[in-house]
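Enquirer: Have a look at this one.
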Amino acid sequence: MNKIFIIFIISIIQLTNALYFHIAETERKCFIEEIPDETTVLISYKVELYDPRSGGFMPSSPGIGMHVEVKDPDDKVILSRVYSSEGRISFTSHTPGEHVICMYSNSTAWFSGSQLRVHLDIQVGEHAIDYANVAQKEKLSELQLRIRQLLDQVEQISKEQNYQRYREERFRQTSDSTNSRVLWWSLAQTIVLLGMGFWQMRHLKSFFEAKKLV
């Protein structure tokens, strides 16, 4: 039963996001990826330039590049460089949480206001590993390579579980802090209401005594 469960978890965890988007020369596109700590991330992209004559997109000129910037959950820049119109970028996370990946063109004059189409593929964890290259470098057999893949997948699952525990702990801390603030606010309201009631009673007593009603 446990083996079946592990295989099922491995099969449903797909840490690969492939998409394309359109971007203008002054536009900036950002994506948020929740990444565990000590996890490799591979970003592959390809830029295409809009062709008004054909109404489609064609390979961009060599002069067009993309500025790629990556920030960790603490808003610290861990990667910021200008790359060519097509490339692969790799980095390793050191802090669990939401990483912001932003892309924008490196110039505002090269394509005269035309639109760019950017094909983007973000691979996280073992999906970012080129196992064909690993097998060639380490001279692994097909069985050894498959075992290596399974071990990497199990390690990634462990990182994901640790990250979920980290999120639950952060959520619990936020909930406890919110509950504590609500409690103190309620106590402050109660003290203010009691103080106002006491002052009103004193004021009414003084008023009645001044009017010789009591």
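Enquirer: Straight-line reach from residue 29: which aspartates and glutamates have a Cα under 17 Å away, not including same-chain ones fewer than 8 places off?
Expert: Output for residue 29: 48, 69, 72, 75, 86, 98, 121.
Enquirer: Provide the per-residue ³J(HN,Hα) series for segment 169-182, in order, calculated from phi with Karplus coefficients 6.51, -1.76, 1.60 and θ = phi - 60°, each as a whole number of Hz, with x at glycine and proline positions.
Expert: Taking θ as phi minus 60°, the curve returns 5, 4, 5, 5, 5, 5, 5, 4, 5, 5, 4, 5, 5, 4 Hz for segment 169-182.
Enquirer: Hey, got a sec? Which trypsin sites (Lys or Arg not before Pro) in segment 58-97 land in a DSSP loop and have at most 11 other Cβ atoms within 10 Å? Intermediate values should be presented prior to the final figure.
Expert: Working: sites: 71, 76, 81, 88; in loops: 76.
Hits after loop and neighbour filter: 76.
Enquirer: Sticking with this structure for a sec: So how do 102, 30 rank on accessible area, 1.4 Å probe, biggest first, that is with the largest at the start?
Expert: Values: 102 10, 30 65 Å².
Result, largest first: 30, 102.
Enquirer: Next up: Could you tell me the extents of segment 75-189's C-alpha atoms along the three principal axes, largest first, rounded to whole Å?
Expert: That gives 68, 53, 20 Å along the principal axes, largest extent first.
Enquirer: Mind grabbing the accessible area of residue 74 for me, 1.4 Å probe, Å², rounded to tens?
Expert: Surface accessible to solvent at residue 74 totals approximately 110 Å².
Enquirer: Follow-up. For 129, 147, write out the residues from largest to smallest accessible area, computed with a 1.4 angstrom probe and no ligands counted.
Expert: Ranked from most to least accessible, the order is 147, 129.
Enquirer: Moving on. In terms of modelled amide H atoms, which long-range or inter-chain residues lie less than 5 Å from the amide H of residue 78?
Expert: Close amide H contacts, sequence-distant or interchain: 70, 71, 72.
Enquirer: Another question about this same structure. If 67, 94 are ordered by their accessible area, calculated over protein heavy atoms with a 1.4 Å probe, which sequence runs from highest to lowest?
Expert: Details: 67 35, 94 130 Å².
Of 67, 94, the descending order of accessible area is 94, 67.
Enquirer: Which whole-Hz ³J(HN,Hα) couplings does segment 132-141 yield from phi under the Karplus relation 6.51 cos²θ - 1.76 cosθ + 1.60, θ = phi - 60°, glycine and proline marked x?
Expert: 5, 5, 4, 4, 6, 6, 8, 6, 8, 6
The values are calculated or read from the model by the stated rules, or taken from the named source; none is laboratory data. Values in this document were obtained by computation on a predicted structure and should not be read as measured data. FYI the Cβ positions are ideal-geometry reconstructions off the backbone, even for glycines, and counts take in every protein chain you see. The area values use the complete protein model at the heavy-atom level, side chains included, leaving out ligands, DNA and RNA. Shrake-Rupley method; radii C 1.70, N 1.55, O 1.52, S 1.80 Å.
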